[in-house]
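Here is the structure we will look at.
Computed from the coordinates by the stated procedures, all read-outs in this text should not be read as laboratory data. From a predicted model like this one, the values you see are computed outputs, not experimental measurements. Positions of Cβ are backbone-derived with ideal geometry, glycine not excepted, and every protein chain shown enters the neighbour counts.
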Amino acid sequence: MERAMINERTPLYLDYQATTPADPRVVDAMLPYFGKRFGNPHSVSHPYGWEAADAVEIARGQVAALIGATAREIVFTSGATEANNLALKGVARAYAAKKNHIVTLATEHKCVLATARRLEREGFRVTYLPVDKAGLIDLAALDAAITKETVLVSVMGVNNEIGVIQPLAEIGRLARARGAFFHTDCAQAAGKIPLDVEAMKIDLMSLSAHKMYGPKGIGALYVRRRPRVRLVPEMDGGGQEEGLRSGTLPAPLAVGFGRAAEIAVAEMDAEASRLQALRARLYERISRGLSGVRVNGDLERRVPGNLNLSFADVTGENLMLALKDIALSSGAACASASKEPSHVLAALGLAEAEIESSLRIGLGRFTSESDVDYAAGRIREAVTRLRTRDAADAAPETRARIAVS
Ligand SMILES: *Cc1c(COP(=O)(O)O)cnc(C)c1O
């Protein structure tokens, strides 16, 4: 089989939910702002500053256009982690005298859950809604959870582990009708599915450039201006970004983020169809003739670049070891920075063994058909080999059972 890799030691990259490489067009757009156009965008007294400021404002417009917002509603941050922190803490603290309750989802990214936990320690009340076995929110449960005390509903657009798409427009309608602000972490959704803050009644949205072929180190928080959402800033300083995020804007990163958003707008539809076909091919080739393959999360309401599978009768650690030539992720405890099994897969009701044997396969802009064929072949091979080996180690009666099945 052809190895669709750069060389023997560079694994094939199938971890596009962890990060994406910057698109070469993004890098080209950024380079001048590391060089000749190095000015501080907040310098108002000379052309170095004006040039950088103009570029930042163009980028702000490009990011806004991706989500149907206006440029003035975009606050640049260091990424989605900071944007999520600013959204949750900022809103909670600004309205603390009136309301003290937040509703979120059990499957949110750690940076939302950890922020919510901190707010609980500060005296706010937080409801963590469960998801169904496909990973989707129960709108009736959301409706029941919102009270007159609820200041904010925070539900992610697309899950980073299982790729499922939450019904943002329905959530927005509910939150708006009940007088709560709606924040959504769209780090995995932006550039992959159409987003419109007006149609979806979104008040705050977090974005991350490095999840959409932009540079690492920049993201944004969309903050609705009409009606205005108030926020208590986390950072004190020069009062940049309308006082919401002090600090010198990294103009090169902003330019790259803007270019990445512009490319996403132009290419989203075609790329989604291409990835949809690649994922179908990958799943078909892995599961053809292989029993005990489970898809984690709804397969239809899902971004096209994500596949999350569990394999019966193999251990995650062995599976990851056998697949060292492919860069991918697992929900297994050994594969996570926190050494805890995936809270997302646990929320779907998976047993520990199913979580331990899960693989997250992330496809993206630079994934080819031969990459998919290579990965499918290697995964099938590894699962089959591990099952045979484990069966050989097992008791004779188990061996006999596996041999006839
Ligand atoms: C990656 C990611 C984040 C964190 O984004 P950074 O820009 O790396 O801080 C937050 N939420 C989701 C859903 C993500 O996928």
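What the table shows:
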read-out: Residue of Gly258, Gly79, Gly123 that the Gaussian network model of the chain assigns the largest fluctuation, springs spanning Cα pairs under 10 Å; value: Gly123
read-out: Total formal charge among the other residues, if their Cβ is under 15 angstrom from that of Lys339, Lys/Arg +1 and Asp/Glu -1; value: -3
read-out: When the stretch 24-264 is reduced to its Cα atoms, the Kirkwood hydrodynamic radius in Å; value: 18.0
read-out: Surrounding net charge for Val303, when Lys and Arg each add one and Asp and Glu each subtract one, Cβ distance under 10 Å; value: +4
read-out: Trypsin sites (Lys or Arg not before Pro) lying in DSSP loop within the stretch 286-321, provided at most 15 other Cβ fall within 10 Å; value: Arg288, Arg301
read-out: Stretchable slack from Arg72 to Tyr48, in nm (0.36 nm times residue separation minus alpha-carbon distance); value: 6.4 nm
read-out: Percent RCO, i.e. relative contact order, over the chain, from Cα pairs under 8 Å lying at least 6 residues apart; value: 22
read-out: Environment charge of Gln62, counting only residues whose C-beta is closer than 9 Å and scoring Lys/Arg +1, Asp/Glu -1; value: +1
read-out: GNM result for the chain, Cα springs below 10 Å: residue of Gly157, Gly217, Gly362 fluctuating most strongly; value: Gly217
read-out: For the stretch 43-103 and the stretch 179-221, distance of Cα centres in Å; value: 11
read-out: Kirkwood-based Rg to Rh ratio, the stretch 192-248, C-alpha trace; value: 1.01
read-out: Where trypsin sites (Lys or Arg not before Pro) fall in DSSP loop in the stretch 45-125, at most 13 other Cβ within 10 Å; value: Lys98
read-out: 222 nm mean residue ellipticity, helices alone, for the chain (DSSP H n ≥ 4; -39,500 (n - 2.57); rounded to 500); value: -13000 deg cm²/dmol
read-out: Span per principal axis, largest first, for the Cα atoms of the stretch 217-349 (Å); value: 60, 37, 33
read-out: Residue range of the chain that is longest and free of GluC sites (Glu not before Pro) which are both DSSP loop and sparsely packed (at most 15 other C-beta within 10 Å); value: 9-121
read-out: Globularity index of the chain, i.e. its alpha-carbon radius of gyration over 2.2 N^0.38 Å; value: 1.05
read-out: Approximate spin-label separation Asn40-Ala134, in nm, with each point projected 7 Å along Cα-to-Cβ; value: 5.3
